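Here's the structure, in structure tokens; my notes come after.
The values are calculated or read from the model by the stated rules, or taken from the named source; none is laboratory data. Because the structure is predicted, anything quoted here is derived from the model rather than measured. Note that we place each Cβ from the backbone using ideal geometry, even for glycine, and neighbour counts take in every protein chain shown. These accessible areas exclude ligands, DNA and RNA; they are computed on the full protein's heavy atoms, side chains included. Shrake-Rupley method; radii C 1.70, N 1.55, O 1.52, S 1.80 Å.
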Amino acid sequence: MSEPPRTLGEALTEAEKRNASLSARLASYRQSTVRLRPDIAKLYDELVARLNMIDAGEVGPKVGEPLPPFHLPDQNGGLVSLAALLRTGPAVVSINRGHWCPYCKLELRSLAAIHDEIRALGARVVSIMPDTASFTGGYISANALPFPVLSDIDLGYSLLLGLIFWVGPDVERLYQEVGVDLERYQGNQGHFLPMAAKFIVGQDGLIKARQVNIEFRERMEPEAVLAALRALRGAPAQPPRGKSDDSRGAWNR
Amino acid sequence: MEMHQVRYFLAVARTLNFTKAAEECHVAQPSLTRAIKLLEGELGGDLFRRERPRAMLTPLGERMYPLLKQCYDSAQSARALAAMINEGEVGVLKIAVSSSIELSLIVNEVNELRRSITEIDLKILRGTGAQIVGYLKSGEAEMAIGTSIGAAWDRLDSWTLFDEAFDMVFSRAHRLASQEAIALDDLKPERFLLRNHCERCADLAKLLADNGLNADHRHEVSSDQDLLALLDANIGIGFLPRTVTAPPSLVRTAVPGLKIERTVCLYGVAGRQRTPVATTFMKMLRAAKWSSKLA
């Protein structure tokens with residue numbers, strides 16, 4: 001058994017290397033933070049408890065409802081819309097906290113690992129976070145993400161989904177101390193974050209599966225994403241709205 | 001937090017009256033009060049002091065108002081843009097750009113917008129710093145791109161896009177062109193070309209004077225086209241921001257001791273309703289990675 005990680009950076013590398021489910025890797029990193037930075041772990045516990053208390057019910061759009069449309073700039077300045085993504089198949093829309101969040105990093109890398117399978121199922125992936133392209137561009141290459149990361153400036157889209165929360169002075173102080181500069185990353189005053197969430201959207205624009213994690217240290221298992229997409233394939237095809245195109249053939253098979 | 005909670009909060013903050021706000025939002029007052037209570041729970045404090053029938057913003061409420069307004073406007077414009085596209089409406093983009101800034105800096109974003117939103121009508125207004133503030137004031141432009149105009153009007157919201165330095169520029173036929181390094185003293189006999197259309201013009205003149213250079217006898221232009229024409233004919237020495245392109249017939253160089261920079265910003269009018277197209281475009285400019293656009 002090797003030595004336990006001495007820094008959060010090491011802990012993240014360690015968690016990443018583990019040949020285990022995403023949940024196990026997230027839990028491994030989380031345990032390291034409890035040991036290395038009990039103050040962070042405690043503040044996060046309090047934050048999550050506060051959010052859980054307020055948002056007792058189901059947060060965000062539900063399964064069967066349409067995911068609100070978006071037009072957001074990607075890391076290269078191109079505008080990406082939900083409608084354009086859905087033209088060729090279902091979409092996996094990942095709402096993420098930011099390029100600095102270790103839990104999002106673990107999650108998005110695990111999505112990258114199954115990206116080929118997602119594509120084979122005809123679907124496309126996007127991550128949406130409040131950070132500007134000055135940060136998402138480097139993040140994509142550093143983590144070899146094969147999908148675009150869209151900038152939700154001022155968290156407008158996340159608010160539309162009912163997913164934003166006030167970071168609060170305690171966590172803000174902590175972020176300042178550890179060098180997480182939300183103001184610079186988000187290009188505004190940086191007081192809000194979105195809740196981590198995943199929506200699997202069918203070509204009809206309706207949400208087929210979802211997971212909203214008020215407890216942002218937990219995420220939807222990649223296997224669950226694939227299962228949802230497989231179920232979509234197996235399900236009798238719904239006639240998509242709008243124009244049909246060639247990719248529909250694949251969709252119907 | 002939820003969209004409707006924020007909407008109710010903003011309505012009360014605007015009307016300072018729960019009854020009026022409820023009417024404005026077409027909602028029963030108890031529902032509005034309940035929603036605001038929930039928001040207060042999330043933000044960890046009261047947003048209003050209730051002094052019936054009036055409501056006053058608490059310091060927390062004052063602090064949250066601009067933040068939530070910004071976030072709400074962003075959400076609202078996302079929704080409105082989708083509706084617009086759905087209905088095949090033609091969008092309008094009215095933007096004032098300082099004459100000291102090349103339009104090519106934003107052309108990619110304009111094209112992305114055109115590609116995504118079937119049709120937009122463009123209106124590009126040009127002028128000096130004072131003129132683009134004027135366009136914003138009159139509503140002829142919904143946003144502006146310029147430098148150092150933030151202090152000109154207290155209702156301006158501004159976002160920094162990028163910083164850049166100015167180069168000294170002169171003809172390859174100029175006597176200094178063959179010189180390897182240029183010192184301040186070499187510039188003493190020179191006559192400079194000042195860009196009157198640039199917001200930093202007065203600062204540049206002062207910088208020249210402070211360095212003992214001739215800022216009184218000078219040439220003045222009010223467009224980069226004219227500046228380049230004069231420089232090309234070897235008339236005077238000019239200063240150009242890095243993002244303004246010059247033909248290869250000109251020398252661009254830095255002179256130690258003559259350092260001038262500018263911060264290019266995006267401006268909008270605080271509190272004024274913008275079209276969804278304008279809001280989307282502003283968010284695109286704010287999201288862009290300017291360092292790689294400029295490289």
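In this entry, A:Ser23 passes the filter for residues that are part of a helix (DSSP H, G or I) and within 13 Å of A:Glu215 (Cα to Cα). All told, A:Val93 falls short of being among the β-branched types (Val, Ile, Thr), modelled with pLDDT of 95 or more, open to solvent by 10 Å² or more (accessible area, probe 1.4 Å) and touching a strand residue (DSSP E or B) at 6+ places or on another chain (Cβ under 8 Å). Here is a list of conditions, (1) without any contact (Cβ under 8 Å) to a residue 40 or more places away in the chain; (2) in contact with a Lys or Arg (Cβ under 7 Å, 6 or more places away or on another chain), and B:Leu16 meets all of them except one; can you say which number that is? Result: B:Leu16 fails condition (1) only. Picking from residues in the range B:215-244 that are in contact (Cβ under 8 Å) with a residue 40 or more places away in the chain, of a type in the set (Gly, Ala, Ser) and open to solvent by less than 60 Å² (accessible area, probe 1.4 Å), the one that is farthest from B:Thr263 (Cα to Cα) is B:Gly236.
Is at least one residue of the range B:1-12 modelled with pLDDT under 95 and open to solvent by 90 Å² or more (accessible area, probe 1.4 Å)? No, the range B:1-12 contains no residue that is modelled with pLDDT under 95 and open to solvent by 90 Å² or more (accessible area, probe 1.4 Å).
Note on the range A:181-193: residues that are more than 11 Å from chain B (Cβ to nearest Cβ) and within 18 Å of the chain's Cα centre (by Cα) amount to 3. Within the bounds of the range A:50-69, is there any residue that is among the polar types (S, T, N, Q) and buried (at least 20 other Cβ atoms within 10 Å of the Cβ)? So far as the range A:50-69 goes, no, none of its residues is among the polar types (S, T, N, Q) and buried (at least 20 other Cβ atoms within 10 Å of the Cβ).
For the range B:141-149, the criterion of being exposed (fewer than 14 other Cβ atoms within 10 Å of the Cβ) and either farther than 17 Å from B:Gly238 by Cβ or over 15 Å from the mean Cα position of the chain (by Cα) (or both) is met by no residue. Taking the range A:63-77 as the range and being outside any strand (DSSP E or B), within 8 Å of chain B (Cβ to nearest Cβ) and either more than 21 Å from B:Asn108 (Cβ to Cβ) or free of Cβ contacts under 8 Å to residues at least 40 places away in the same chain (or both) as the test, the residues that pass are A:Pro68, A:Pro69.
Among the residues of the range A:68-86, those that are more than 16 Å from A:Pro130 (Cα to Cα) and either out of contact with any helix residue (DSSP H, G or I) (no Cβ under 7 Å at 6 or more places or on another chain) or hydrophobic (A, V, I, L, M, F, W, C) (or both) comprise A:Leu82, A:Ala83, A:Ala84, A:Leu85, A:Leu86.
Yes or no, residue by residue, for (1) of a type in the set (Val, Ile, Thr); (2) at positive phi:
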{"residue": "A:Val48", "(1), (2)": "yes, no"}
{"residue": "A:His71", "(1), (2)": "no, no"}
{"residue": "A:Gly77", "(1), (2)": "no, yes"}
{"residue": "A:Ala84", "(1), (2)": "no, no"}
{"residue": "A:Val92", "(1), (2)": "yes, no"}
{"residue": "A:Gly98", "(1), (2)": "no, yes"}
{"residue": "A:Tyr103", "(1), (2)": "no, no"}
{"residue": "A:Glu107", "(1), (2)": "no, no"}
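Of the residues that make up the range A:146-166, is at least one open to solvent by 40 Å² or more (accessible area, probe 1.4 Å) and either touching a strand residue (DSSP E or B) at 6+ places or on another chain (Cβ under 6 Å) or at pLDDT below 95 (or both)? Among the residues of the range A:146-166, not one is open to solvent by 40 Å² or more (accessible area, probe 1.4 Å) and either touching a strand residue (DSSP E or B) at 6+ places or on another chain (Cβ under 6 Å) or at pLDDT below 95 (or both), which makes the answer no.
Exactly one residue out of B:Leu47, B:Leu60, B:Leu103 is within 28 Å of A:His71 (Cα to Cα) and either free of Cβ contacts under 8 Å to residues at least 24 places away in the same chain or touching a Gly at 6+ places or on another chain (Cβ under 8 Å) (or both), and it is B:Leu103.
Report, by residue number, each residue of the range B:194-214 that is farther than 22 Å from B:Leu176 by Cα and open to solvent by 50 Å² or more (accessible area, probe 1.4 Å).
Result: B:Asn196, B:Arg200, B:Ala202, B:Asp203, B:Lys206.
Out of (1) under 28 Å from B:Tyr65 (Cα atoms); (2) small (Gly, Ala, Ser); (3) more than 14 Å from every other protein chain (Cβ to nearest Cβ), the odd one out for A:Ala120 is which? Status for A:Ala120: all satisfied but (1).
The one condition from (1) over 30 Å from A:Ile153 (Cβ atoms); (2) open to solvent by 70 Å² or more (accessible area, probe 1.4 Å) that B:Thr160 does not meet is (1). Close contacts from the range B:106-117, counting a first residue that is more than 7 Å from every other protein chain (Cβ to nearest Cβ) and a second that is open to solvent by 70 Å² or more (accessible area, probe 1.4 Å), with Cβ to Cβ under 8 Å and a gap of 6+ residues or different chains, come to B:Val110/B:Leu122.
Could you list, in sequence order, all residues of the range B:258-295 that are within 8 Å of chain A (Cβ to nearest Cβ), in contact (Cβ under 8 Å) with a residue 40 or more places away in the chain, farther than 15 Å from B:Gln76 by Cβ and surrounded by 15 or more Cβ atoms within 10 Å (Cβ to Cβ)? Full working, then the answer.
First, the residues of the range B:258-295 that are within 8 Å of chain A (Cβ to nearest Cβ): B:280, B:283-284, B:286-293.
Among the residues that remain, those that are also in contact (Cβ under 8 Å) with a residue 40 or more places away in the chain are: B:280, B:283-284, B:286, B:288, B:290-291, B:293.
So of that shortlist, the ones also farther than 15 Å from B:Gln76 by Cβ come out as B:284, B:286, B:288, B:290-291, B:293.
Passing the criteria: B:Met284, B:Arg286, B:Ala288, B:Trp290, B:Lys293.
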